[in-house]
Amino acid sequence: MEILKDIVILLVSIAVIGKGAGWLVDSAARVAERLGTSELVIGLTIVAFGTSAPEFGVTILAALRGMGDISVGNIVGSNIFNLGFILGGTAIVHSLKTSRIVIRRDGFFLLFGAILLSVFLWDLVLSRIEGVILVTLLVLYLIQLYVKKQPLETELTSHGMYWWDPLVLLAGLGMVLIGSHFLVESAVTLARLIGVSDWVIGTTIIAAGTSAPEFATSMAAALKSRYGMSVGNLIGSDIFNLFGVLGLAGILGDLRLGEEARVNLVILSLMVVIVLLFMRTGWIVSRREGVILVLIGLLRWIYSFS
């Protein structure tokens, strides 16, 4: 009975987080536009933060409670889930066109981040100084994009700001934070009841739940034939998760991990390499390559629970 209750809480929390993140993205984009913020800044800060809001809420809350495996595991697992299940699943629906910019600019920066994180965490500790380095790199990356005036891979459609948008923004943020609280609580309880480690629950169930906004955005974009938006959304979200969210979590306090982390860090780096290779072959992620990505994601889940 206890397990059933926690499963219900977990599922409701995921739904609340997904809905709250949607409100946060839409209202924040309209507020930012009303304030005269450029589309570049909106896309790479407001929208990126919005789709990463569930990861942000869960990761920061877990970091504040000293749950290093949940905090780091959620980001590593979400990034792998995004590149495997979501990017692969979206490519199965329709082959995704890519470009030199999204590979050379965003893709290689994500690969650099995955490798750097592996180096930082090989001693199974993410220190404050390492968190500062990650956040600093994200800031420099955004500055470089702004200075060079490079185009976004994200399309935004706004119909002007409504008077209630600031309230909706706060409500969305509140839903994400409250949902994150109950998601962490129920997931940790489930992990202990069924004998699964915090790291496994963080990199699988929590990671899948907090990736709901990315899944909804990318799949909707693919169905509307906005293939560049699908790819750009996932790569951009992964960059923000790794450098911004995890960097801030590290700044809040040293995060200590179990040995399970090392294998998943290697898997994340290899997954990014495979995705970049698929994106480069003909400048398209084909349906066949999408199937391969989904299978890799599935095998990683099987390995985690074995």
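Of the complete DSSP H runs in the chain, those spanning 18 angstrom or more by Cα along the long axis with a mean Kyte-Doolittle score not below 0.5 are 2-34, 68-81, 108-121, 128-148, 165-194, 227-239, 260-280, 287-305. At most 14 other C-beta atoms within 10 Å and a DSSP loop state: those are the exposed chymotrypsin sites (Phe, Trp or Tyr not before Pro) I care about. Give me the longest piece of the chain that has none. Formally, the longest exposed-site-free interval is 165-306. Only helical runs count toward this figure. For the chain, summing -39,500 (n - 2.57) over DSSP H runs of n ≥ 4 and dividing by all residues gives -23000 deg cm²/dmol at 222 nm. Solvent-free Debye calculation, one equal scatterer per alpha-carbon of the chain: log10 I(q)/I(0) at 0.10, 0.12, 0.15 Å⁻¹ equals -0.50, -0.74, -1.19.
Ignoring the sites themselves, the chain has its longest run without GluC sites (Glu not before Pro) in a DSSP loop having at most 16 other Cβ atoms within 10 Å at 1-154. Here the extension length gained between Ala15 and Leu193 equals 61.8 nm, from 0.36 nm per residue of separation less the Cα-Cα distance. The residue among Asn264, Ser13, Ile3 whose Cα reaches farthest toward the positive pole of the charge dipole of the stretch 2-305, with charges on the beta-carbon of Lys, Arg, Asp and Glu, is Asn264. The stretch between Leu299 and Val139 holds 54.1 nm of extra length on full extension. This uses 0.36 nm per residue minus the Cα-Cα distance.
Taken together, the values in this text are just the output of simple stated rules run on the coordinates, not laboratory data. Only a predicted model underlies this, so the values are computations on that prediction, with no experimental measurement involved. Every residue, glycine as well, gets a Cβ built from its backbone with ideal geometry; the counts of neighbours run over all protein chains shown.
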